[in-house]
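The values are calculated or read from the model by the stated rules, or taken from the named source; none is laboratory data. Owing to the predicted nature of the structure, the values given are computational and were not obtained by experimental measurement. No Cβ is skipped: glycine too gets one built from the backbone with ideal geometry, and neighbour counts run over all protein chains shown.
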Amino acid sequence: MKAIRVAQFGPPEVLALHEVADLEPGPGQVVVAVKAAGVNPVDTYIRSGLYQHAAAPPYTPGIDGAGVIAAVGPEVKHRRVGDRVYVAWSVSGTYGEQVLCTEFQTHPLPEGVTFSQGAAIGVPYGAAYRALFQRAHACAGETVLVHGASGGVGLGAVQLARAAGLRVIGTAGTDQGRAVVQAQGAHQVLNHHEPGYLDKLADLTCGRGVDVILEMLANVNLAKDLTALATGGRVAVIGSRGRIEIDPRDAMGREASILGVTLYNATPQDLASMHAAFVAGLENGTLRPVVSREFPLAEAAAAHHAVMEANTLGKIVLIP
């Protein structure tokens, strides 16, 4: 089979297509014939060597994917050859024609959901769900602000929050991005390139502030976020690319919380809970992954450049 291999950490150009041996499942494992592999910013961090605990060269990148079960090993009880599944984490990496997974690293992919959409679930929806419900404990009736709502995590958060009965305010930097966020269920959408755009939250919340903020770029926004919270408000930090100075008084007066978020800390129970919610949402149509671009597997380097562009909408996937 063909797969992308990383021989050493470095820029996107270290991603190289190779012919490798077909995969064989061991006890409790399955092999999935990959129809689409998700490309995430975290894949680029791992490839560059920033997350060295996550992979050691040589390795095949990729956390997310979708396809069809091609083989099952002994002791597998809940998957059959031919099942449509999406993959969230794996043993071997998803940037290939096949991926080796433990049984419960695969999840049912309902009919009517494309393989590309299936490859858009794991990391984006996982980060959004963990931030909203497992860290910030968002509740129906609360108001959530989703920064960068036109990206993969942002759109997942909009859909999850709307389905859970929250009032959703999103931000995006382009007309196209704001239109996509609105179409996916946000009640209001702000232009985060407009000076003072967060000042509009006072009017939108009748002066109360927002209950939860999902923050994708904390090094830019966190100080201002704290001034936009309601009493007892929470900022869930999903992404940051540097340092920032904040005034602790802005948190003290509101009894606000700043919560770090990473999927690496999710327990097996946390993962089982979120994926049960995702499968249900895919089945009932409240979750609709948005895929903006598809690249051939051989163009993985170009996909890694594209996923880090500021104007990326939804999810980028690779097609073997």
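Each residue in segment 274-300 was checked for being touching a residue at least 60 places away in the same chain (Cβ under 8 Å) and either within 21 Å of Pro61 (Cβ to Cβ) or part of a helix (DSSP H, G or I) (or both), and 15 of them qualify. Out of all the residues in segment 7-29, is one or more under 24 Å from Gly281 (Cα atoms) and touching a residue at least 24 places away in the same chain (Cβ under 8 Å)? Within segment 7-29, none of the residues are under 24 Å from Gly281 (Cα atoms) and touching a residue at least 24 places away in the same chain (Cβ under 8 Å).
Output yes when any residue across segment 108-126 is assigned to a strand (DSSP E or B), over 30 Å from Gly253 (Cα atoms) and at pLDDT 95 or above, and no when none is. Within segment 108-126 (the criterion being assigned to a strand (DSSP E or B), over 30 Å from Gly253 (Cα atoms) and at pLDDT 95 or above), the answer is yes, since at least one residue qualifies. Of the numbered criteria (1) in contact with a Pro (Cβ under 9 Å, 6 or more places away or on another chain); (2) assigned to a loop (DSSP other than H, G, I, E, B); (3) not charged (D, E, K, R), the one Ala36 fails is (2). Residues considered: Leu201, Leu190, Leu217, Leu222. Of these, the only one that is in the same structural domain as Ser150 (by TED's automatic domain parsing), in contact with a His (Cβ under 7 Å, 6 or more places away or on another chain) and of a type in the set (A, V, I, L, M, F, W, C) is Leu217.
Residue count for segment 34-66, restricted to those that are of a type in the set (Gly, Ala, Ser) and closer than 24 Å to Gly314 by Cα: 7. Taken over segment 151-183, residues that are assigned to a helix (DSSP H, G or I), among the small types (Gly, Ala, Ser) and within 17 Å of Ala128 (Cα to Cα) amount to 6. Listed conditions (1) in a loop (DSSP other than H, G, I, E, B); (2) surrounded by 15 or more Cβ atoms within 10 Å (Cβ to Cβ); (3) modelled with pLDDT of 95 or more; (4) of a type outside the set (Val, Ile, Thr) are all met by Cys206, apart from (2). I'd like to know if segment 241-256 contains one or more residues that are crowded, with 18+ Cβ neighbours inside 10 Å and under 20 Å from the mean Cα position of the chain (by Cα). No, that holds for no residue. Within this structure, Ala186 passes the test of being assigned to a loop (DSSP other than H, G, I, E, B), in contact (Cβ under 8 Å) with a residue 12 or more places away in the chain, in contact with a strand residue (DSSP E or B) (Cβ under 8 Å, 6 or more places away or on another chain) and not hydroxyl-bearing (Ser, Thr, Tyr).
Only residues that are more than 20 Å from the chain's Cα centre (by Cα) and over 26 Å from Asn265 (Cα atoms): list them for segment 27-61, please. Answer for segment 27-61, where residues must be more than 20 Å from the chain's Cα centre (by Cα) and over 26 Å from Asn265 (Cα atoms): just Ala33. All conditions but one from (1) touching a Lys or Arg at 6+ places or on another chain (Cβ under 7 Å); (2) touching a residue at least 40 places away in the same chain (Cβ under 8 Å) apply to Thr231; the one that does not is (2). Considering segment 189-203, the residues that are of a type in the set (D, E, K, R) and assigned to a helix (DSSP H, G or I) include one that is surrounded by the fewest Cβ atoms within 10 Å (Cβ to Cβ), namely Asp203. For the criterion of being part of a strand (DSSP E or B) and not basic (Lys, Arg), Val85 passes.
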